[in-house]
Amino acid sequence: DTAVSQTPKYLVTQMGNDKSIKCEQNLGHDTMYWYKQDSKKFLKIMFSYNNKELIINETVPNRFSPKSPDKAHLNLHINSLELGDSAVYFCASSQGRLWGQRVFFGPGTRLTVL
Amino acid sequence: EDKVVQSPLSLVVHEGDTVTLNCSYEVTNFRSLLWYKQEKKAPTFLFMLTSSGIEKKSGRLSSILDKKELFSILNITATQTGDSAIYLCATVNSGGYQKVTFGTGTKLQVIP
């Protein structure tokens, strides 16, 4: 069974469109993240949620809006896509501060904006 | 701002060589340090280090943490072409809620 799953795996779209990426974890973790990995392979945190509550919001344009309907899901919606949004987006989860900090990653979503 | 710096940025070695990858950090409320290996897809977990001076080993890979000098190293002995990947170091802080900060990664290429 996949621990952290993301859909879609690939997303090709035009500038100006709105798109969503879904993420689900079945590990019972209480913390979920979105990371962006750019062409230089630098993995940068975008958001972190703990029990559906936003706890980290790095300097990300407000075109990016995360939504956590429950603690097993953290979706990412992107409005008015720009060329610079092209990257691989990784969802991840961890148990948080109580049980150790190992972070489990989803397979990634490769977003290409044309 | 929390900072994690890895060096070198990239490295090319021959099979059988030993490599040492470096990770230094400046993080508030440091809790632990993680090493990941990333090939074509998502990063896969290698080690979690919490205490100074205790070496963690897994086959040909080993890692150690120095909390006084604020760095960690990842050693790979007798490298193989399958070790070619990006190696990511990340720190975890414990201030309130967990925050994980990744370094830029070291791209390792092992040639036959």
Could you grab me the full set of residues in segment A:25-50 that are farther than 12 Å from A:Ala72 by Cβ and assigned to a strand (DSSP E or B)? A:Tyr33, A:Trp34, A:Tyr35, A:Lys36, A:Gln37, A:Leu43, A:Lys44, A:Ile45, A:Met46, A:Phe47, A:Ser48, A:Asn50
Within segment A:40-86, work out how many residues are open to solvent by less than 50 Å² (accessible area, probe 1.4 Å), within 14 Å of chain B (Cβ to nearest Cβ) and under 24 Å from B:Lys107 (Cβ atoms). 3
Report yes if A:Cys91 is open to solvent by less than 10 Å² (accessible area, probe 1.4 Å), at the interface with another protein chain (Cβ under 10 Å from one of its Cβ atoms) and either part of a loop (DSSP other than H, G, I, E, B) or among the hydrophobic types (A, V, I, L, M, F, W, C) (or both), otherwise no. yes
Could you please let me know if B:Ile86 is within 14 Å of chain A (Cβ to nearest Cβ) and in a strand (DSSP E or B)? yes
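Would you point out the residue of segment A:8-20, among those that are assigned to a strand (DSSP E or B) and more than 14 Å from every other protein chain (Cβ to nearest Cβ), that is nearest to B:Gln38 (Cα to Cα)?
Going through the qualifying residues, I end up with A:Leu11.
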Of (1) surrounded by fewer than 14 Cβ atoms within 10 Å (Cβ to Cβ); (2) modelled with pLDDT under 95; (3) in contact with a strand residue (DSSP E or B) (Cβ under 6 Å, 6 or more places away or on another chain); (4) of a type in the set (A, V, I, L, M, F, W, C), B:Ile54 satisfies every one except (3)
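Taking segment B:93-112 as the search range and keeping residues that are part of a strand (DSSP E or B) and either at pLDDT 90 or above or basic (Lys, Arg) (or both), which one is surrounded by the fewest Cβ atoms within 10 Å (Cβ to Cβ)?
Selected residue: B:Ile111.
The values are calculated or read from the model by the stated rules, or taken from the named source; none is laboratory data. Every value quoted in this text rests on a predicted model; they were computed, and no experiment measured them. Here Cβ is always computed from backbone atoms with ideal geometry, including for glycine, and neighbour counts include all displayed protein chains. With ligands, DNA and RNA removed, areas are computed over all heavy atoms of the protein, side chains included. Shrake-Rupley method; radii C 1.70, N 1.55, O 1.52, S 1.80 Å.
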